[in-house]
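A short write-up of the structure that comes next.
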Amino acid sequence: MTFGAASGTLKNFGRVLALLVVLGVAANCASDPPPEDYDDQEYSVNDPLEGLNRVTFEFNQTVDAVLLKPMAEIYVGVVPKWGRDRVNDILNNFGEPSNFANALLQWEMERAVTSMLRFAFNSTIGLGGFFDVAEGIGLSRASEDFGQTLAVWGVGEGPYLVLPLLGPSNPRDAVGLAVDWVIDPVSRSFRSHEKNQRFIARGIDQRSRYIVDLETLEETSIDFYAAMRELYRQHRANEVRNGELPPPLPIPSITLEEFLDEEFDQTAASGEASEQ
Amino acid sequence: MKAMTIISPGRLSGRRHFIAVLAILLFSFSGASVSASANDGEASEFIRDLGERAVDVLRDKENTTFAERESAFRNILVDGFHLRTISRFVLGRHWRSATKAQRQAYNDVFVDFIVRVYASRFDSYGGEQFEILKAVNSDVEGDTIVRTHILRPSSSSPIGVDYRVRVIDGGYKVVDVTVEGISMLHTHRVEFASVINRKGMDGFLDELRAQVVARGKNAVN
């Protein structure tokens, strides 16, 4: 892979990348407590920058409320579903070379071939990606990105980060975003205003598909920030696993007797508990 | 796009043949994965029944009020889910440090909270279909994980929902639901812990109660 075209911007970029990778690797060493301490694991939520993250999260929420969400709503109001599906298909098709490259880097041959065939079919019979004909013959989109590639290579997610405008992330995925941005073969063939247009279109397209879901989630959360953080972490872990089942968490059954027993224990130990 | 080429009519037949062969190959692949789901166990049947009940609730949305759907949803939840295990798990280690009065208050509000929250989330759906993919035995607590797909009319890609099913007191009960790999139990646990850490147990209980009240108001509208 050559970085020739982007070598000017790459210098500063490289420093940030290196720093973020180091953060990610270092964080990886200190994660995952043993499963027997599962009751305590909730405290292992790796978010040392929570204060700053919450501020950035609020900022993003504001930008979303005044800009992104209204744009998405107008888009849904003006463009019928058929048209939005075509836009989504075209944008997805532009993503296939990147899916292919990352699947290769992860040595996921089946997924690499799927992405390649999808790009071939949809760019030709699908009229330049206008129609996702590959889906119809059982070639479902296999989304891969460089954040996932790094995960497969053993880089841990590191501390949770909320990026301005880009939203939930972590050092590994932030590096992934940046690398995808630079090496994406489709992006590289675009002029810069085309890149920006694609970025904005992607943003509105993505947002338009979660208007109701995000609204309901926000309304029904007692801590929307914490809920989003957890959703992001599990969502990314699921993407890295390519949707395979995770190792099941230990969820002990509580019988009625145990339930009541614990209450009795608590009564006996209530003096101790109130001292804490 | 350079990769986009217009197929000339003369070359079409050859390509079409190739694509037809490929399509048959691909279909037979997907056929193989469908037949693998034939060994659905009793756990799958249990989830199928539960899912059909849920789909029925959403089916005649025009002829029912939200309150009626919520009450039907509560019955499904109480029948199908082991709420005692879920509520205890979700509170994590904060259960141990809670006073008896706090535990009592938590037990009083938890089921209402879960019913209200999920009835609201659930009620925005309609016209969904679901299919049972397969049942996987896990080595934890003898649980069976029933993998399903929900097909939404609004989207071409299905949503993967996994139900973690356990035999408790001689009957099947759901102990966790995972949507696209995201465990609802674990997500609530982390969310609850975050609130408890910032506002204390009583502040957290107030938040739960406030959410129940807010959803209740929503239900009237």
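The values are calculated or read from the model by the stated rules, or taken from the named source; none is laboratory data. Since this is a predicted model, take the numbers as computed values, not measurements. Reconstructed Cβ throughout: ideal geometry from the backbone, glycine too, with neighbour counts over all protein chains shown. SASA here: full protein model, heavy atoms, side chains in, ligands and nucleic acids out. Shrake-Rupley method; radii C 1.70, N 1.55, O 1.52, S 1.80 Å.
A:G147 sits among other residues whose Cβ lies under 15 Å from its own Cβ, and their net charge, with Lys and Arg +1 and Asp and Glu -1, is -4.
Give me the tail of P(r) for segment A:90-207 as a percent: Cα-Cα pairs with distance above 18 Å. In whole percent, the long-distance tail amounts to 55. Each label was represented as a point 7 Å from its Cα along the Cα-to-Cβ direction; for B:R59 and B:S124 these points are 2.5 nm apart. Rounded to whole Å, give me the distance from the Cα center of segment B:164-221 to that of segment B:95-115. Their Cα centres are 11 Å away from one another. What fraction, in whole percent, of alpha-carbon pairs in segment A:42-100 exceed 19 Å separation? Result for the distance tail: 60 percent.
Provide, in order from the shortest bin, the percent of all Cα-Cα pairs of segment B:129-202 in each 5 Å bin, continuing until the bin that contains the maximum pair distance. Values per bin, smallest distances first: 3, 15, 17, 19, 15, 12, 10, 6, 2. The alpha carbon gyration tensor of segment A:184-246 gives principal lengths a ≥ b ≥ c with a/c of 1.5 or higher and a/b no greater than b/c, which makes the shape oblate. Remark: for residue pairs A:K81/B:K134; A:K81/B:K173; A:K81/B:K61; A:K69/B:K134; A:K81/B:K217; B:K100/B:K199, the C-alpha separation exceeds 27 Å in A:K81/B:K134; A:K81/B:K173; A:K69/B:K134; A:K81/B:K217.
How much accessible surface does A:L127 have with a 1.4 Å probe, in Å² rounded to 10? Counting only protein heavy atoms, A:L127 exposes about 100 Å² to solvent. Out of the total accessible area of segment A:79-234 (probe 1.4 Å, heavy atoms of protein only), what percent is carbon and sulfur? The computed percentage sits at 63. Taking every residue in B:83-94 and counting other chain Cβ atoms within 10 Å of its Cβ, the average works out to 4. Rolling a 1.4 Å probe across all protein chains gives A:D47 an accessible area of roughly 20 Å².
Computed 3J(HN,Hα) for segment A:238-248, one whole-Hz value per residue from the Karplus formula 6.51 cos²θ - 1.76 cosθ + 1.60 where θ = phi - 60°, is 5, 5, 5, 6, 6, x, 5, 5, x, x, x, glycine and proline marked x.
For the residues B:I114, A:I74, a 1.4 Å probe over the protein chains yields an accessible-area ranking, largest first, of A:I74, B:I114.
Averaged over its residues, how many other protein chain Cβ atoms are within 10 Å of peptide A:225-236's Cβ atoms?
5
Buried on complex formation within segment B:146-181 (loss of at least 20 square angstrom of accessible surface versus the isolated chain, 1.4 Å probe, ligands and nucleic acids ignored): B:R147, B:R152, B:S154, B:S156, B:R164, B:R166, B:E180, B:G181.
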